[in-house]
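**Q** Quick one: this structure, given as structure tokens, is what I'll be asking you about.
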Amino acid sequence: MVAGPAVLPFRHYVLKLHSRCDLACDHCYVYEHADQSWRGRPLALSEEAAARIADRIVEHTVRHTLGRITVVLHGGEPLLYGAERTRALLSLFRERITPYTKLDFRIHTNAVRLDRDFLDLFAEFAVSVGVSLDGDRSANDLHRRYASGRSSHSRVLSALSLLREPRYRHLYAGILCTIDIRNDPGRVYEALAAEQPPRADLLLPHATWDHPPLRGVRRDEHGPPEYAAWLTAVYDRWAKDGRPFAIRTFDSISGILRGRPSQTESLGLAPAALVVIETDGSLEQADSLKTAYDGAGATGFNVFEHSFDQAAAHAGITARQGGAESLCATCRACPVVEICGGGLYAHRHRAGSGFANPSVYCEDIKAMIEHIERDETRRHAEAAIAPHVGSLRDFDLLASGLGGEDEVGRLGAPQRSITRELVKSVGEQVPPRSPFAAAWQELVRLDQSNPAQLGAVLADPYTRVWAVRVLQREHEAPADDELTRLSELAAATALLSGEAVRLPLHVVDGIVHLPTIGALALGGPARPAAIETRKDGTATITADLTDYEICLAEAAVRADARWLPTRSLRAGSWSLAVQDTDPYRDCHQWPAAGRLSDDEARHWEQCLGEAAAFLEESMPAYPPGLRAGLSTLMPLAPPPAGRDLSATARHAYGAVGLAMPGDGPTLALLLIHEFQHIKLNALLDMYDLYDTNDERRYYAPWRDDPRPLEGLLQGTYAHLAVTDYWRVRSRESAAAQREAAEIQFARWRLHTAEAVEELLRSGSLTALGERFARVMGDALAPWLDEPVGHGAAAAAQQAVQADRGAWQARRQANAG
Amino acid sequence: MPSTLTQSGPQTQVPDVHNLPLGERSEERLSATAAIRERVLRKTGSGVTAAAFQSSI
């Protein structure tokens, strides 16, 4: 069951700081349209109201275990609230709310008052800044003027130039442009592009069927409707320019066409999850409704007397959460309804029929979508490389908890594509003058001459971890201690290929690491080094004016104090590489152990032999998949006595982190548990199984803390194998151990079945994710009917109830 | 839910480049690289529960 009651919780809080504006834009929905409620509002949000709002947000967040919320500072003009009061509000919110959830602040402003004082304040509180600008001076002056008629354009441009300064650039959220078809679309686009926004959006001017938008300006009997013509002119120019910045409307349409989320409430069928809080503390629906009729956004609720849950249950808000079913018959029958979602709710209004109409911009939106869809289809046909193709048979077999050599083997190719392109991304980021530019060029050359050897080197699980770490810092050039990995990859490939290369290195963590071959432990600080490989399979690493010789033929067997070869654990047909030197291996949930001693390595091999023998004999459906997909053991630091530790890492396909378990069967349990995560991580790379926008937390029986949806999915899949393990053990164990195994089996089958139900109830699985959950449920179903002893069944039931009870007690304590 | 998603069972979200040259820089290859990079680094969901406020960015 989801942690909170059955309303869709608010995750976006639009906070009206000030109810007046210093501009007098004649297209503003707050002052110039049907709703005139601003006249009766306090000028500014009071301290009392702000404190109450913070408390209400905490109450709602805890109740629904939201992992992240957004507070948008809005108006009127929010900068009229002043820097001091804004600081006090941001401090209050941060102090009260951040103990419970991650809090993102944004502000949307006309920017005429945006100065360094405000920007320093926003930098301190990480407030992203969005600015309204309608285009070049003439376009902007059409509406965005002071009450005196004076232009606001130059002041907005000054503010935008401040936002582009390096110290503030990270705060620059983008530009909102309300379109006017009297303006030239090309000039508006150029004006926006000149401000170098990270993103922008083009908003249709608010209008309804009773107050329709301006038309007849650019009438073309044979062309698309006017607003579509205007928007598609911008789209074509933007696409021709290589899409230099994000445009939310266009990106949303492209994204929805590919099964991704809309980025705006004006498109798509996603439910509304936002609430507007006015300066008097009253709670309203999306404030674009002010354009529909006087009081259209009102709910009758306020933060002093009502909770956000009460507002979330308001009929006006739930009406916008019903997907296609809540739209009018015309929309439901329309082929593009999944993309437009009926358009912005306010634009559907007509006196008499309310909001049960298509958008007043219906024909424009439809024509724009069809234009973008045609362009995307053409681009796809001309330019796209075909994706990997999976099969539902493989998918279903993997979802059932299993997967043999073929099914697991086929997970490998997409992984190879991913690692290859991430390495390519890093390689193409190397500054031309960097010494490591040569390493990238060498890697490209070796790929042509020795693709199999490079493929083997790139299969090392931690290369992707390295690449992701480098690429996640989008705005920073990679450093030498990161780029050295390119040299290490090239040198390892050259050694395996018998190629002569000479490349720079950088010692990281006292190590030079040659993936899949071994590491040279030099110790000391980060510093430059170099490697030269020769055609006879030998190499020299030079550091600190000292040469260290490596011979590939002997590399695996001749360990010494400095040369640490990559070892393999072998047990029958099983073989696992041991990764205990790579500086990037320490990415699992628990800390990595140091280099294994030879005795420890032998102990691991013995334990692996016992685990393999147990699985081959007692759980024979598992070893073929394990042998095909599990490549690497990463030893974890020893846990406190009595605990077993194991973990996978999201980006390390094929690797399992393990602390030495007590015996072989326990290792078998840890291996099949972790291998479920490895398979599911690969599937999540390939398919969208759930909506990552769902930030709710869910009950997971195996954890004390509420888990995000992916955590629940991962845990459920892992415990499918855990349940199977205890099922097998309960049949095989000696009598003294049988009941303990039976209790475990009975307990985990109930927990896992409950978790499958929780997933299916979430409403956040995609169609494919739902299929995955149902197949897991089908695999589990026969086990639920398997007999266990009365004592074991009762003990398991008691444990399940105790786990659920403890969870509920913790939840109530947090909520209280 | 978009029909492209419900029908996407066999088709993965990962362009098949595992046999293409590392140094290739055609437009289609750059697009594939960007798609993989976006998928791995900025994984986005299906939009089943998405919502966003139009009047800010």
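**Q** 5 Å is the cut-off here: which amide hydrogens, built 1.01 Å from N in the peptide plane, fall below it relative to A:Met634, excluding neighbours closer than 5 in sequence?
**A** A:Gln579, A:Val656, A:Gly657, A:Leu658
**Q** Rounded, prolate or oblate: which fits the range A:144-263, taking a ≥ b ≥ c as square roots of the Cα gyration tensor eigenvalues, rounded meaning a/c under 1.5, else prolate when a/b beats b/c?
**A** oblate
**Q** Collect residues whose amide H, placed 1.01 Å from N in the peptide plane, falls under 5 Å from the amide H of A:Val507; neighbours closer than 5 in sequence don't count.
**A** A:Arg527, A:Ala529
**Q** Shifting gears a bit: How far apart, in nanometres, would the label points at A:Ala740 and A:Ile511 be if each is projected 7 angstrom from Cα along the Cα-to-Cβ direction?
**A** 3.6 nm
**Q** Calculate, for A:Ser46 and A:Leu214, the FRET efficiency according to 1/(1 + (r/R0)^6) with r their C-beta to C-beta distance and R0 22 Å; round to the nearest 0.05.
**A** 0.05
**Q** While we're on this one: Can you pull the semi-axes for the range A:591-706, root of five times each eigenvalue of the Cα gyration tensor, sorted largest first, whole Å?
**A** Ellipsoid semi-axes (Å, largest first): 27, 18, 14.
**Q** When N is the residue count of the range A:12-376, what does its C-alpha Rg come to as a fraction of 2.2 N^0.38 Å?
**A** 0.96
**Q** With N denoting the number of residues in the range A:429-565, provide Rg(C-alpha) divided by 2.2 N^0.38 Å, to two decimal places.
**A** Its radius of gyration relative to the 2.2 N^0.38 Å reference: 0.98.
**Q** While we're looking at this one, here's another question. Size of the dipole of chain A about the Cα centre, Lys and Arg at +1 and Asp and Glu at -1 on the beta carbon, nothing else charged, in debye to 20?
**A** Computed charge dipole of chain A: roughly 1160 debye.
**Q** Tell me, what is the percent relative contact order of the range A:570-657, built from C-alpha pairs under 8 Å that lie six or more residues apart?
**A** Across the range A:570-657, relative contact order equals 39 percent.
**Q** Another question, then. Taking the Cβ of A:His506 as the center, what net charge do the other residues with Cβ under 10 Å away carry, scoring Lys and Arg +1 and Asp and Glu -1?
**A** Summing Lys/Arg as +1 and Asp/Glu as -1 gives -2.
**Q** Also: Please state the equivalent ellipsoid semi-axes for the range A:694-816: what are the square roots of 5 times the Cα gyration tensor eigenvalues, largest first, in whole Å?
**A** 26, 19, 10
**Q** Measure out, as a whole number of angstrom, how far apart the alpha-carbon centroids of the range A:664-678 and the range A:758-816 sit.
**A** When both Cα centres are located, 21 Å separates them.
**Q** To continue, here is another question. So for the range A:253-300, averaging the separation of alpha carbon pairs under 8 Å that are six or more residues apart and normalising by length, what relative contact order in percent results?
**A** Dividing the mean separation by the residue count of the range A:253-300 yields 21 percent.
**Q** Give me the count of lysine pairs in chain A whose alpha carbons sit under 27 angstrom apart, restricted to pairs 8 or more positions apart or on different chains.
**A** Number of lysine pairs found: 7.
**Q** Additional query: Kindly provide the helix-only [θ] at 222 nm of chain A, computed as the sum of -39,500 (n - 2.57) over DSSP H runs of four or more divided by all residues, to the nearest 500 deg cm²/dmol?
**A** -14000 deg cm²/dmol
**Q** Moving on. May I ask you to evaluate 6.51 cos²θ - 1.76 cosθ + 1.60, the Karplus curve with θ = phi - 60°, for each residue of the range A:58-64 and list the ³J(HN,Hα) values in order in whole Hz, giving x for glycine and proline?
**A** Residue by residue, the range A:58-64 yields 4, 4, 5, 5, 5, 4, 9 Hz.
**Q** Additional query: Provide the FRET efficiency to the nearest 0.05 for the A:Ala315-A:Ala621 pair, computing r from the beta carbons and using R0 = 60 Å.
**A** For R0 = 60 Å, the calculated efficiency reads 0.70.
**Q** On alpha-carbon atoms, Rg over Rh for the range A:80-200 using Kirkwood Rh?
**A** With Rh from the inverse mean 1/r over Cα pairs, Rg/Rh is 1.02.
**Q** Collect residues whose amide H, placed 1.01 Å from N in the peptide plane, falls under 5 Å from the amide H of A:Ala173; neighbours closer than 5 in sequence don't count.
**A** Amide H neighbours of A:Ala173, under 5 Å, 5+ apart: A:Val129, A:Gly130.
**Q** Calculate the spin-label point distance for A:Arg502 paired with A:Glu32, positioning each point 7 Å from the Cα along the beta-carbon direction, and give it in nanometres.
**A** Reported label-point gap for A:Glu32 and A:Arg502 is 7.1 nm.
**Q** How big is D, in µm² s⁻¹, for the range A:408-450 by Stokes-Einstein at 20 °C and 1.002 mPa s if Rh is the Kirkwood radius over C-alpha pairs?
**A** 186 µm²/s
**Q** Counting other C-beta atoms within 10 Å, which of A:Ile369, A:Ile385, A:Ile107 has the fewest, and how do the rest follow?
**A** A:Ile385, A:Ile369, A:Ile107
**Q** Give the angle, between 0 and 90 degrees and rounded to the nearest 10, that separates the Cα long axis of helix A:185-194 from the longest principal axis of the Cα atoms of chain A.
**A** 60 degrees
**Q** A further question on this structure: Normalised radius of gyration for the range A:1-128, please: alpha carbon Rg relative to 2.2 N^0.38 Å, two decimal places.
**A** 1.12
**Q** Multiply the residue gap between A:Glu786 and A:Ser307 by 0.36 nm, knock off their C-alpha separation, and tell me the result in nm, one decimal place.
**A** Roughly 167.8 nm would be gained on extension.
**Q** Partner chain Cβ atoms within 10 Å, averaged over the residues of A:10-16 - can you pull that number for me?
**A** Going residue by residue through A:10-16 and averaging, the value is 2.
**Q** Among A:275-286, A:151-162, what's the highest-first ranking by average C-beta atoms within 10 angstrom per residue?
**A** A:275-286, A:151-162
**Q** Using r as the Cβ-Cβ distance of A:Asp120 and A:Arg393, and R0 as 51 Å, what FRET efficiency do you calculate, to the nearest 0.05?
**A** Rounded to the nearest 0.05, the efficiency is 0.30.
**Q** When the Kirkwood hydrodynamic radius is evaluated over all pairs of different C-alpha atoms of the protein assembly as shown, what value in angstrom, to one decimal, is obtained?
**A** Evaluated on the protein assembly as shown, it is 29.9 Å.
**Q** Stretched out fully, how many nm does the piece from A:Glu428 to A:Asp663 gain, at 0.36 nm a residue minus the Cα gap?
**A** 79.9 nm
**Q** With a cut-off of 8 Å between alpha carbons and a minimum separation of six or more residues, what is the relative contact order of chain A in percent?
**A** For chain A, the relative contact order is 10 percent.
Quick note: the coordinates plus some simple rules give every number you see, no bench work behind them. Keep in mind that what you see is a predicted model, and the values were worked out from it rather than measured. Glycine gets a Cβ as well: all are built from the backbone with ideal geometry, and neighbour counts include every protein chain shown.
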